[in-house]
Amino acid sequence: MSRARADEEEYWHSSKFRAFTFDDEDDELSQLKESKRAVNSLRDIVDDDDDDLERVSWSGEPVGSISWSIKETASGSTSSLESRDSSLQKGSSSYAAFPKQVSSYSLSSLFKGRNKLPSFQSLSDALTDTGVKNYAPELRRPKAEYKDYTSDWSPRDTVRRMQRGKVCSLERFRSLQDKMVLLDEAVAGHDGNVITAVLIFLKRTLRREILFRELEVRQVALCHLIHFLKETGEQKLLLDLLRFLDRTEEVALSQYREHLNIQDVEKRREFLKGCIGLPFSAEDTSHIQDHYTLLERQIIIEANDRHMEIAGQSEIFRKYPRKASILNMPLVTTLFYSCFYHYTEAEGTFSSPTNLKKTFKIPDKQYVLTALAARAKLRAWDDVDALLTTKNWLGYTKKKAPIGFHRIVEILQRNNAPVQVLQEYVRLVEDVENRLNLATKYKCHDVVIETYRDLKDRIQLTAYKSKVERGSAEEEKINSILNN
């Protein structure tokens, strides 16, 4: 009975709850320390590289959250040693105010869920650590940017990325079928730069025969490649392509174009001589023949004129020294040169203007314009008059020109022809209104007065009287017409 009574008293006096004591504050501090040790003990059972573990800071927020990183950065920048020393000097009756732990995490490590340090700092380390490290924010680039440019893009996606200026590797397209699909997608995109880029890749990775065969049925890409080869000067590949396509005339023209790269005159002449036998069309063959003949003629004229200019045997070369060589000049320039320096020479000489006109079948209109400009520049007005004067079968002479006389007046005026010469040709302008305009513009008073007289326009003649000088011969002429 005494044993049962003892058990009953032990039951009523035992409890899992402790009675209140005045030492609770110390107990809370000890509980806090135990909690800190429990958290630190996680490093013994959990690997730091485990990304699935949710770490917890002393503020109770998950490590790696945005709010946690902001608070940690702010606390690291505002904490100092003085605040820590003042907290340690407080009485033991109240629990210590713990400074916030300085974060050693960068934003990149937070997104990865990894800590730079091997473990959490202990409580004593938090109280005594004076080293503060601030990490600059390091935001991760978008996920798409990490995708390597050699990724498995489809031909359409590759073309679209190239159109947007993205870097794309075309090396993954190894089969002929994939390469042709890529080319077709580039052509369908209507982007010349992308088409050219794909063609360069194909030119580098395919044999010529295969590339030419595939391009033969793709005219847009073929035109792009031909233009590209012309621009880059890849003459050999261009000729091979044109021969494969059986474009003989284009082959000949491309080969003829090579003369532009030959600087030596004699070598160019020999090259042009060899081009005459190329398979040109009939019209082009005539042009090649004329080009060769003209260069041959220019070589002869240049050698003779240089000798005469150095020897001082010709007055025109002393008065008007040559400004440039005649070699490789166009036919019109050569004709102007001949009309300027060799106008009076006989037709049998190579430098004669008439010889050039006959040899190269220069039209009368072109010949008159060129000769008129050359002789007017020399102010040889007699030659101008002779150039525009013709005789009929009865022996009568008259002024005639294959171009309008109004154009002749403009050419003469540009070369500062005197008024007497201008008036002679202004009178030959058939249209009355144009004649009056030219006469008024170039102050050919006699032509204006005679035109108004023929029109019997007394009002206009009286009005024009105020535009001439007082007491001049023109005023007397107007008065005489008005009084008669």
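Some values worked out for this structure:
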quantity	calculated
Set Lys391, Lys365: member being open to solvent by 50 Å² or more (accessible area, probe 1.4 Å), under 24 Å from Arg435 (Cα atoms) and among the basic types (Lys, Arg)	Lys365
Of all residues making up segment 424-460, the number that are surrounded by fewer than 16 Cβ atoms within 10 Å (Cβ to Cβ) and either touching a residue at least 60 places away in the same chain (Cβ under 8 Å) or of a type in the set (A, V, I, L, M, F, W, C) (or both)	3
Candidate set from segment 368-388 (those that are more than 46 Å from the chain's Cα centre (by Cα) and part of a helix (DSSP H, G or I)); member that is surrounded by the most Cβ atoms within 10 Å (Cβ to Cβ)	Val384
Condition check for Ala401: touching a residue at least 40 places away in the same chain (Cβ under 8 Å), surrounded by 15 or more Cβ atoms within 10 Å (Cβ to Cβ) and assigned to a loop (DSSP other than H, G, I, E, B)	no
Single condition Ile326 does not satisfy, out of (1) of a type in the set (Val, Ile, Thr); (2) without any contact (Cβ under 8 Å) to a residue 12 or more places away in the chain; (3) surrounded by 19 or more Cβ atoms within 10 Å (Cβ to Cβ)	(2)
Subset of segment 152-198 [hydroxyl-bearing (Ser, Thr, Tyr), open to solvent by less than 40 Å² (accessible area, probe 1.4 Å) and more than 21 Å from the chain's Cα centre (by Cα)]	Thr158, Ser169
Qualifying position, being in a helix (DSSP H, G or I) and more than 30 Å from Arg164 (Cα to Cα), among Asp246, Asp284	Asp284
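Matching residues to (1) without any contact (Cβ under 8 Å) to a residue 60 or more places away in the chain; (2) closer than 30 Å to Ala303 by Cβ; (3) open to solvent by 90 Å² or more (accessible area, probe 1.4 Å); (4) in contact with a Leu (Cβ under 6 Å, 6 or more places away or on another chain):
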position	(1), (2), (3), (4)
Gln235	yes, no, no, no
Asp240	yes, no, no, no
Phe244	yes, no, no, no
Thr248	yes, no, no, no
Glu258	yes, yes, no, no
Arg269	yes, yes, no, yes
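The values are calculated or read from the model by the stated rules, or taken from the named source; none is laboratory data. Note that this is a predicted model, so its numbers are computed, not measured. All Cβ positions, glycine included, derive from the backbone under ideal geometry; neighbour counts span all protein chains shown. For the accessible areas, the whole protein counts, side chains as well, though only heavy atoms, and no ligand, DNA or RNA atoms are used. Shrake-Rupley method; radii C 1.70, N 1.55, O 1.52, S 1.80 Å.
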